[in-house]
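Just below is one structure, and these are the notes that go with it.
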Amino acid sequence: MYYTQPIHIYSRGHRVLFIALILLLASCDEYGLLQNATEGTDQCVSCHTDKDLLKEIADPIEHSEGSGEG
Amino acid sequence: MTPLEPWKRVFVSEEYLETAHGKMSCTWCHNGNPQSPDKEEGHKGIIAYPSEDADFYCGPCHAEEVKNNKISIHTTQEGYFERFRIRAGYDWRDPGREHELEEFKAECGVCHATCGQCHISRPRTVGGGFNWAHEFKKTPDLQTNCTACHGSRIGEEYTGAHEGFKADVHYIPHVKNCEYCHPAHQMHGGDGKKLTYRYDEHNTAAIRCEDCHDDTIESNQYHLMHWAGEAGVVHSCEVCHSQPYKNCNGCHAGGGITGSSYLSFEIGRNYLKDNRRYKDYDYITVRHIPIAPNTYEEWGIEDLKYFEFSEPTWKFTRPHNTLLWTPQTEVAEGQSCNANCHDSAYLLRPEDIEYYEDANYKEENGEFGYGFDDLERERLANKDVIIPYK
């Protein structure tokens, strides 16, 4: 019979844990994950905001056809 | 269009870093390996155009736009597919047509607008690169976005780039740009109907001249005669208010006709009498498009089986070079108002259907690629457009 009503397999404890997990993820998203995600960005930004460096090392364009269809 | 210098294509401004998108991690959208100080290593796995997967990268914040945009003809490119299908009798996406689909993707398919190619960078077809040092803009730029793709006809006509002709009366630089008539709603899927091409009768989000100017239908004798229909025939607005525009005779696909483009102005019969949005016109402006039975022979498609039974090659066009007074509307003193139009060279006559190849093509390549039978097929294809002599 247990498999006919799967909703009842979750105890009250499970539900509390589930809600806690959601809250934890939400706070991570606001404070933690975003911070982690920006780690390393400094490296990208330091080159891509440096005009002089880019003028030295940026790759030439492969092609440019000009204005197109219509 | 002059391509951006290499450094400008990838330069990111400090101002961008203060914007909502600029506060996100670079790797969030672009991947790569920012821990490495080495250029090659740092760019390993980089995703240069994240919005090619708009669901994943743009969708979480811009769900509605991403969802609507899926049926935009900028995204689906359905115009190409449908026009080919009705001429060939099958679809490039049919089973067994994988080779042709690959050819399409490599050639016509590259003219495909992603979110980023309108709102962040220039289209890839003109070399790409950040338009505004990576800043995102809600409204694409007329010069570096819209006419980067739609430049050789629409852009040049609209801005008055052709020598001897004026800019469209609606063109006020930096004030009335493309979005004035083509707002975001239309660009992002319009009214939610799947379209087969721009003049699809279901394209109800596309603005017509009449939508803004319908209060002038009785404002003068010309409108009464040829718009309200008192003369017994109705003209599309451009028949009176358009300047000469570009006609194309050579296709990017390489095969078929090989002629150069040229400016002309041609009036034909309206062949769209089954189209609910355009059926009221009796006469329309028509533009030659570069298609021939053998256009796709380099892709292994030797003939478009239904070429002469499907679509004209002189097609309905709404040139973007509108003026109040044009060579059609200005007559010399004492002349009748119809002096410039009736029985004029503007009318597309049977003899106007011809070989659309450069005169020097034969010298360089031997015979015309476009033979007698093809000329007959061209005439048949345009039978509903040509204005016969009475």
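Bear in mind that the values in this text are calculations on the coordinates, not laboratory data. Fair warning: this is a prediction, and the values are worked out from it, not measured in the lab. Quick reminder, even Gly has a Cβ in these numbers, built from the backbone with ideal geometry, and neighbours come from all protein chains shown.
The charge dipole of the protein assembly as shown, taken about the Cα centre with unit charges on the Cβ atoms of Lys, Arg (+1) and Asp, Glu (-1), comes to about 1440 debye, rounded to the nearest 20.
Under 5 Å between amide hydrogens, built in the peptide plane, is the criterion, and for B:SER260 it picks out B:ASP358 among residues at least 5 positions away or on other chains. Taken over the Cα atoms of chain B, the convex hull encloses 186 Å³ per residue. Under a model in which nothing but the beta-carbon of Lys, Arg (+1) and Asp, Glu (-1) is charged, chain B shows a dipole of about 840 debye around its Cα centre.
Close amide H contacts of B:LEU347 (hydrogens built in the peptide plane, cut-off under 5 Å, sequence separation of 5 or more or a different chain): B:ILE267.
Stretched out straight at 0.36 nm per residue, the stretch from B:LYS305 to B:LYS137 would grow longer than its current Cα-Cα span by 56.0 nm. Plainly put, the protein assembly as shown has a radius of gyration that is 1.06 times its Kirkwood radius, both from alpha-carbon atoms, as the Rg/Rh ratio.
For the range B:323-335, backbone phi angles converted through the Karplus equation (6.51, -1.76, 1.60; θ = phi - 60°) give residue-by-residue couplings of 9, 5, 10, 10, x, 6, 8, 9, 10, 5, 4, x, 8 Hz, Gly and Pro being listed as x.
Sites listed here are GluC sites (Glu not before Pro) in the range B:201-261 whose DSSP assignment is loop and whose Cβ has at most 15 other Cβ atoms within 10 Å: B:GLU201, B:GLU218, B:GLU230. With 10 Å bins beginning at zero, the pair-distance distribution over Cα atoms of the range B:197-344 amounts to 10, 34, 33, 17, 6, 1 %.
If R0 is 30 Å, the Cβ-Cβ spacing of B:LEU375 and B:SER344 corresponds to a FRET efficiency of close to 0.80. Per residue of peptide B:17-24, the mean number of Cβ atoms on other chains within 10 Å of the residue Cβ is 2. Cut-off 10 angstrom, C-alpha nodes, Gaussian network model of chain B. Which of B:ASN247, B:ASN275, B:ASN321 fluctuates the most? Most flexible of the set in this elastic network: B:ASN275. For the range B:91-106, putting each phi into the Karplus relation 6.51 cos²θ - 1.76 cosθ + 1.60 with θ = phi - 60° gives couplings of 10, 4, 8, 5, x, x, 10, 4, 4, 5, 5, 5, 4, 4, 4, 6 Hz, in residue order, rounded to whole numbers and with x for Gly and Pro.
Paramagnetic label reach from B:TYR389 (point 7 Å along Cα→Cβ; backbone nitrogen cut-off under 17 Å): within the range B:327-357, residues B:342-354. Using a Gaussian network model of chain B in which every pair of alpha carbons under 10 angstrom is joined by a spring, one finds that among B:PHE130, B:PHE84, B:PHE56 the greatest mean-square fluctuation is at B:PHE56.
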